[in-house]
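Coordinate-derived values only; no laboratory data. As the structure is a computational prediction, the values presented were derived from the model and not from experiment. Note that each Cβ is placed from the backbone with ideal geometry, even for glycine, and that neighbours are counted across all protein chains shown.
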Amino acid sequence: MSALKRMRESRRTALARAVTEEQAIAAAIKKSDADFVKSYLGVSCQDWRSWKNAQTGVEYILDLISSVDLREADFQTCFDLIDETSGKAYHESVAGWHPEVKKEEMRSPELRYILVKQKDDPAGQVLGYTSLMPTFEDGRPVIYCYEIHLREALRGTGLGRRMMELLSTIAQNIPTIEKVMLTCFLSNEAGMAFYRRIGFQVDESSPKERKLRTKVVKPDFAIMSRRTSS
């Protein structure tokens with residue numbers, strides 16, 4: 001095969017792959033919550049909705065719900081959890097803290113939430129959550145973890161690991177998905193250590209230090225990723 005033919009074949013292959021990736025992401029986004037769970041969680045995690053705190057014996061329920069169907073009270077609790085757990089890091093960051101911008105991001109229609117509530121709690125209070133989106137990052141199909149936040153009493157219990165495992169399961173079950181990705185403030189040393197323990201590494205797309213004439217500009221966040229096993 002000539003070099004020209006190889007180049008054309010390579011382009012056709014790349015185009016076909018791009019079309020397949022676009023279709024897979026679009027299909028995942030269009031699914032109802034019930035179909036999303038059935039397609040990407042139900043087969044691998046039949047008991048994914050149940051979690052028991054081994055330290056206290058308290059049982060919790062996890063629910064997946066699209067941003068457009070999130071109750072206003074639950075939305076506000078999710079927002080308050082960001083301020084509670086990461087507000088200081090946001091305020092000290094270069095980008096700063098912009099509540100309305102964050103709320104607009106949280107309402108992105110492609111975003112889905114996995115909410116944590118105590119079983120049999122009549123108030124149904126959200127005690128933690130993660131939010132995720134099938135999307136493209138640097139042209140590659142990924143599951144992006146937008147947020148993961150837990151009340152203080154649930155940190156260090158294994159629940160955070162469980163929630164990230166669910167994201168990995170979703171990523172493995174959506175055709176063409178290559179990674180789970182997230183952003184973490186470098187000042188969040190506990191968070192960075194947690195992500196590394198569960199197999200995340202600083203992604204090649206993460207911003208690097210930039211040397212200017214009079215100073216070195218250091219990023220205040222890292223983009224991290226973990227490849228799927230499929």
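One residue alone among 220, 138 is of a type in the set (D, E, K, R) and at positive phi, and that residue is 138.
For residue 117, the conditions (1) closer than 25 Å to residue 221 by Cα; (2) surrounded by 15 or more Cβ atoms within 10 Å (Cβ to Cβ); (3) without any contact (Cβ under 8 Å) to a residue 60 or more places away in the chain are fulfilled apart from (1).
The residue list 210, 226, 196 contains one member that is over 20 Å from residue 22 (Cβ atoms), without any contact (Cβ under 8 Å) to a residue 60 or more places away in the chain and in contact with a Phe, Trp or Tyr (Cβ under 6 Å, 6 or more places away or on another chain), which is 226.
Applying the criterion of at least 3 residues that are closer than 18 Å to residue 62 by Cβ to the strands (runs of 3 or more DSSP E) found wholly in the stretch 112-186 leaves 112-118, 126-137, 140-150.
Restricting attention to the stretch 140-157 and to residues that are more than 15 Å from residue 114 (Cβ to Cβ) and among the β-branched types (Val, Ile, Thr), the residue that is nearest to the chain's Cα centre (by Cα) turns out to be 142. Note on the stretch 180-191: among residues that are surrounded by fewer than 21 Cβ atoms within 10 Å (Cβ to Cβ) and free of Cβ contacts under 8 Å to residues at least 60 places away in the same chain, the one that is nearest to the chain's Cα centre (by Cα) is 183. Selection of the stretch 85-111 for residues being within 26 Å of residue 167 (Cα to Cα), out of contact with any strand residue (DSSP E or B) (no Cβ under 8 Å at 6 or more places or on another chain), hydrophobic (A, V, I, L, M, F, W, C) and surrounded by 12 or more Cβ atoms within 10 Å (Cβ to Cβ) yields an empty set. Picking from residues in the stretch 50-84 that are within 19 Å of residue 155 (Cβ to Cβ) and among the β-branched types (Val, Ile, Thr), the one that is surrounded by the fewest Cβ atoms within 10 Å (Cβ to Cβ) is 56. Kindly indicate whether any position in the stretch 127-141 is surrounded by 14 or more Cβ atoms within 10 Å (Cβ to Cβ), under 21 Å from residue 22 (Cα atoms) and aliphatic (A, V, I, L, M). Within the stretch 127-141 (the criterion being surrounded by 14 or more Cβ atoms within 10 Å (Cβ to Cβ), under 21 Å from residue 22 (Cα atoms) and aliphatic (A, V, I, L, M)), the answer is yes, since at least one residue qualifies.
Every residue in the stretch 164-213 that is out of contact with any Leu (no Cβ under 7 Å at 6 or more places or on another chain), under 25 Å from residue 33 (Cβ atoms) and among the hydroxyl-bearing types (Ser, Thr, Tyr), please. Those that are out of contact with any Leu (no Cβ under 7 Å at 6 or more places or on another chain), under 25 Å from residue 33 (Cβ atoms) and among the hydroxyl-bearing types (Ser, Thr, Tyr): 168, 176, 183.
For the stretch 208-223, indicate whether the set of residues that are buried (at least 17 other Cβ atoms within 10 Å of the Cβ) and more than 18 Å from the chain's Cα centre (by Cα) is non-empty. No - not one qualifying residue is present in the stretch 208-223.
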